Amino acid sequence: MAVQLSQNRIRPARAEVKVLDPGERAVTQVEIRADEPVFAGHYPDFPIFPGVLLVECVLRSAELTAPPQVQPVQLIAIDSVRLLDVVLPGDVLTVELKWEHSGEVLSCAAKLSTARAKVATVRLKLASSGARP
Amino acid sequence: MIDAAGIRRLLPHRYPILLVDRVTQLVAGQRLTALKAVTGNEPWYAEVAPGTDLAYPPTLLIESWVQAAAVLVASSNTEQSGVMLLGSMSGVTFSDPVFPGDVVTHRVRVFRALSDTVIFEGDSTVYDRPAMTVQQAVLAFRPAAQIRPSTTEELT
């Protein structure tokens with residue numbers, strides 16, 4: 001079964017994803033603000049943006065930049081996540097997504113970076129939900 | 001068994017991102033079974049528009065499972081204080097969605113333990129319904145001094 005990536009779902013982070021560049025090589029930007037609720041507990045006195053929420057930024061970026069003919073998309077699998085460096089309050093994430101398709105299966109390879117460093121790579125497997133909103 | 005107080009001694013995570021409630025089975029260094037109760041009272045359920053899909057975010061299900069893995073390591077590593085940081089994951093698939101009112105059971109197994117890195121695998125279910133499968137997750141141990149400088153200051 002797949003996870004529906006509709007725009008209408010529960011979001012664990014307040015950070016909004018802005019699309020800078022749509023297309024097969026898309027770019028989005030996410031500002032990680034210091035008032036993000038998760039920082040209170042991750043960790044007390046030492047805020048680090050959780051790695052899984054970097055994946056959440058990629059899911060949201062995928063929702064927004066998936067080719068229009070396959071929207072809305074559903075998540076089949078997170079093929080891989082590599083967390084390379086920390087993300088801190090105030091960082092601005094740049095997410096570069098490369099979309100590919102092979103038959104019914106869409107794949108999306110994302111590279112995430114801040115001004116300081118490359119912070120993560122994420123590969124997703126998705127499919128079209130088929131339904132038009 | 002490790003109760004909520006025991007988990008708080010082992011993990012630095014706190015509200016709203018302490019996502020493991022109880023450990024029900026534990027074989028040191030090998031595997032554990034842990035529970036996470038999902039409630040609509042978590043902060044991401046605030047200010048939700050009518051018609052919103054209320055399924056628990058899959059990335060938080062992953063975080064919850066990863067914290068269970070961290071508890072498995074922390075419970076047998078009492079000499080050093082520090083945190084397990086998630087380094088990588090692969091082959092994460094989702095089955096039935098999880099909703100408020102569900103109690104998620106995480107099963108975490110050590111696949112291989114290296115000097116400061118542990119490779120895990122496992123799955124999450126809601127009663128008998130599959131929710132998530134994790135083919136591989138790699139967690140790396142970082143000593144407290146590198147993570148919480150304010151803590152080391154308090155100790156000196």
Within region A:33-50, is there a residue that is under 13 Å from the mean Cα position of the chain (by Cα), over 27 Å from B:Ile119 (Cα atoms) and either modelled with pLDDT under 95 or of a type in the set (Asp, Glu) (or both)? no
Residues B:Asp102, B:Asp96: which one is more than 13 Å from the chain's Cα centre (by Cα), open to solvent by 10 Å² or more (accessible area, probe 1.4 Å) and modelled with pLDDT of 95 or more? B:Asp102
Can you tell me which residue within region B:42-60, out of those that are open to solvent by 10 Å² or more (accessible area, probe 1.4 Å) and outside any loop (DSSP other than H, G, I, E, B), is nearest to A:Gly51 (Cα to Cα)? B:Pro58
Selection count where residues are assigned to a loop (DSSP other than H, G, I, E, B) and either surrounded by fewer than 17 Cβ atoms within 10 Å (Cβ to Cβ) or at positive phi (or both), scope region A:47-70: 2
Single match in B:Leu19, B:Leu35 (criterion: farther than 21 Å from A:Met1 by Cβ and away from chain A (no Cβ under 12 Å)): B:Leu35
Can you find a residue that is modelled with pLDDT under 95 and either over 22 Å from B:Gln136 (Cα atoms) or out of contact with any Leu (no Cβ under 9 Å at 6 or more places or on another chain) (or both) anywhere in region A:109-116? yes
Consider only pairs whose beta carbons are under 8 Å apart and that are at least six residues apart or on different chains; among these, list those whose first residue lies in region B:60-89 and is modelled with pLDDT under 85 and whose second residue is open to solvent by 20 Å² or more (accessible area, probe 1.4 Å) and aromatic (Phe, Trp, Tyr). B:Asn77/B:Phe141; B:Gln80/B:Phe141; B:Gly82/B:Phe141; B:Val83/B:Phe141; B:Met84/B:Phe141
Region A:85-133, residues that are within 20 Å of A:Asp21 (Cβ to Cβ), assigned to a loop (DSSP other than H, G, I, E, B) and open to solvent by less than 30 Å² (accessible area, probe 1.4 Å): A:Asp91, A:Thr114
Restricting region B:19-41 to residues that are open to solvent by 20 Å² or more (accessible area, probe 1.4 Å) and part of a loop (DSSP other than H, G, I, E, B), the one modelled with the lowest pLDDT turns out to be B:Gly29
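The values are calculated or read from the model by the stated rules, or taken from the named source; none is laboratory data. Because the structure is predicted, anything quoted here is derived from the model rather than measured. For neighbour counting, all protein chains shown are included, and Cβ atoms are generated from backbone atoms with ideal geometry for every residue, glycine included. Heads up: the accessible areas ignore ligands, DNA and RNA and are worked out on the full protein's heavy atoms, side chains in. Shrake-Rupley method; radii C 1.70, N 1.55, O 1.52, S 1.80 Å.
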